[in-house]
Structure formats: structure tokens, C-alpha cells
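Accompanying notes for the structure given below.
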Amino acid sequence: MTKPKGLPKKAILIVNTGSRTGAELFGEARDKLAAAGIELLDAKRVKSAKRIGDYVKKAIKGAPMVILGGGDGTLSKNVDHFLGSETVLGVLPLGTANSFARTLGIPLDLDGAVRVIADGLPRRIDLGAIEGDHFLNNAALGLAPMVAESVPSTLKRGLGRLGYLLWAGWSAASFKAFRLSINDGRETHRLWATEVRIANGRFHGGVELIESADLASGELVVQAVTGRSLMRLGWSYVASAFKVPSRHATTREFKGRRMKIATRPTMRVSIDGELGPETPFEASAVPGAVTVAAPHRM
């Protein structure tokens, strides 16, 4: 039996020190990677999220693996640079929700994440795309973009996921349901919704909400929380977090390689926590787009 190919032992580390724990863990991450047998050709701490892309593009040309430390937004913003490259993406989950790391099965503690980079396997995974903007895990319409746009940075950094939940509760007071239209290539579905999750991965906001999503399926899952009640939306999160048997009663799912999505009124989409384009737009899956450092079991 052929032994699976291992991960590269040479890498460049780039950490977003503006992420929730990036600044305090940079030195420790660098030292633990070296101790685990990873030869770091360079290690960069970057304070500005806008500048990370320049470092990533340069690093991809000079190393067989580029390790990104940050949250879902940092990863999603920079994954485009890995397209068409054989460079492996290593992940240190240093953000708030770390939904992509959860989907991939990467431990959220630094020691566990380093073990995956040192001893894991390279895996080809799909990406999602919205109007040419690629993402690793999830995009969303509804309350999530409102929270992403308005949550105070002090609340996000200080309380993490709890801060998001508190701000979401506050924002819900001014939020209303919307009309949703989804064309899956076969027919157009119209319904009322309070949230739409466009999923490449299973986790959204740190909660496993889209259990049918698969990083290697070649399809996206569009999951809509149906109806006009915000209570149903809240129950969707609570029921999914606690794996209540009736957790799927509030949602409908649609699968496809390409889907056209529209809303009334027009809404902005949140792509892995960062604001993206307005509706209408096309969401698509990009099969086998990038290689990531993954655990032996996903």
C-alpha cells in the first residue's frame, strides 16, 4: 500500500496580529513550529489586514507551504492567491469563530494546530465563489452581515463569540425578514427568510449549522432559515448548537454547482465574516481548488 504523501517541512509563517489572539501568540507559534520540525524560511507579523495579501503573494512564490495565522476573514481574503499554485495552505486558527478550522477538523489550541501542520496530510478542497470572490467556508445573508458590519472591535476582541452573540441580539431589534429567490439551475424557489447560509463548509459563526456541506463535494449548499419570525432564527442556532433532533425544521436546503440568489430588498452578503457584494449574485463551487494542511481524519 502506498504511503500518503506528507506535508512540506519548509514554510513561511504570516500572522495577522490584528486577529483576536494573533499578536500574543506570534512568538509562541513560531517557536512551536520550529520545535515540531518545520523550517521557517521567514516569519512575518502583519498589523494591517490590507497588507497581508502582498506578503502572501510573495511567500507563495518562495515556499512550498504558507502558514496563515488569523481568523476566517484573514483566510478567506487571501485564499485567492493560492489558486493555480501547488503551495500548501497551513492554518493557525487565531480568530473569533474559526469556522473553517472547525470544518476541517483542525484543533483550536495552538499545540493541536501545529501538530496538524507538522504531521498532517495535504488535502485538495473546494472553494466557494461569489462574483469572483473566493471563500473557504461560508457566506451569509441576513442578520450576519449586519452584525459583521456594525459589531464594535472592542466587543469582538474582548468577548469573542459571546461578543458576536450579544451584538446579534441587540441588532435583531431592527432586523426584518426578506423575500428570497434561489435558482438552482433547474427551477426558481421563492420564500420568506431571515437568514441564508451559502456553505462550502459545515460551520457558521462557530456552530455546526450546515451538516450536509462537504469540502470535497463539488457543490455548495444554500441553507435558508424560513419564515418571518426572528424566534425561528434564534431557535435555529440554539437547536443546532445542542443537536436538538428537530433542528432542521426551521430550514430548507438547496444544492448545486452554480446558483443565482436574489433578495427583496437588496442585501449585502457577508463572506467568511467580511462584507461582500449586494444581491443579486451568482454563487458557485470551485472543485479541488487549493491544497490545505489537514488532519489525517476530516
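Of the candidates 228, 297, the single residue that is in contact with a strand residue (DSSP E or B) (Cβ under 8 Å, 6 or more places away or on another chain), surrounded by fewer than 17 Cβ atoms within 10 Å (Cβ to Cβ) and at pLDDT below 95 is 228. Just one residue in the set 90, 95, 105 is out of contact with any Lys or Arg (no Cβ under 7 Å at 6 or more places or on another chain) and either within 21 Å of residue 214 (Cβ to Cβ) or in the same structural domain as residue 41 (by TED's automatic domain parsing) (or both); that residue is 90.
Screening residue 66 with (1) assigned to a strand (DSSP E or B); (2) more than 17 Å from residue 122 (Cα to Cα) gives one miss only, at (2).
Applying a threshold of 6 Å to beta carbon distances and a minimum spacing of six or more residues, or different chains, the list of pairs starting in the range 71-97 at a residue that is modelled with pLDDT under 95 and ending at one that is part of a strand (DSSP E or B) and among the acidic types (Asp, Glu) reads 73/274.
One residue stands out in the range 27-48 among those that are buried (at least 21 other Cβ atoms within 10 Å of the Cβ) and not β-branched (Val, Ile, Thr): the one that is farthest from residue 61 (Cα to Cα), namely 29. Taken over the range 238-271, the criterion of being in contact with a strand residue (DSSP E or B) (Cβ under 6 Å, 6 or more places away or on another chain) and in a helix (DSSP H, G or I) is satisfied by 240, 241, 250. When the range 189-207 is limited to residues that are charged (D, E, K, R) and surrounded by 18 or more Cβ atoms within 10 Å (Cβ to Cβ), the one that is nearest to the chain's Cα centre (by Cα) turns out to be 202.
Scanning the range 228-236 for any residue that is free of Cβ contacts under 8 Å to residues at least 24 places away in the same chain, out of contact with any helix residue (DSSP H, G or I) (no Cβ under 9 Å at 6 or more places or on another chain) and farther than 19 Å from residue 99 by Cβ turns up at least one such residue. Taking the criterion of being under 18 Å from the mean Cα position of the chain (by Cα) and closer than 22 Å to residue 207 by Cβ, the residues of the range 261-284 that qualify are 268, 269, 270, 271, 272, 273, 274, 275, 276, 283.
Taking each residue of the range 1-24 that is part of a strand (DSSP E or B) and looking for partners that are at pLDDT below 80 with beta-carbon atoms closer than 8 Å, six or more apart or interchain, yields 15/22; 16/22; 16/49. For the range 173-219, a tally of residues being among the charged types (D, E, K, R) and outside any strand (DSSP E or B) returns 8. For the range 25-44, the set of residues classified as assigned to a helix (DSSP H, G or I), among the hydrophobic types (A, V, I, L, M, F, W, C) and either at pLDDT 95 or above or outside the structural domain of residue 118 (by TED's automatic domain parsing) (or both) consists of 29, 33, 34, 35, listed by residue number.
The values are calculated or read from the model by the stated rules, or taken from the named source; none is laboratory data. Here the structure is a predicted model, which is why all the values come from computation and not from measurement. Virtual Cβ from ideal backbone geometry, glycine too; neighbours counted across all protein chains shown.
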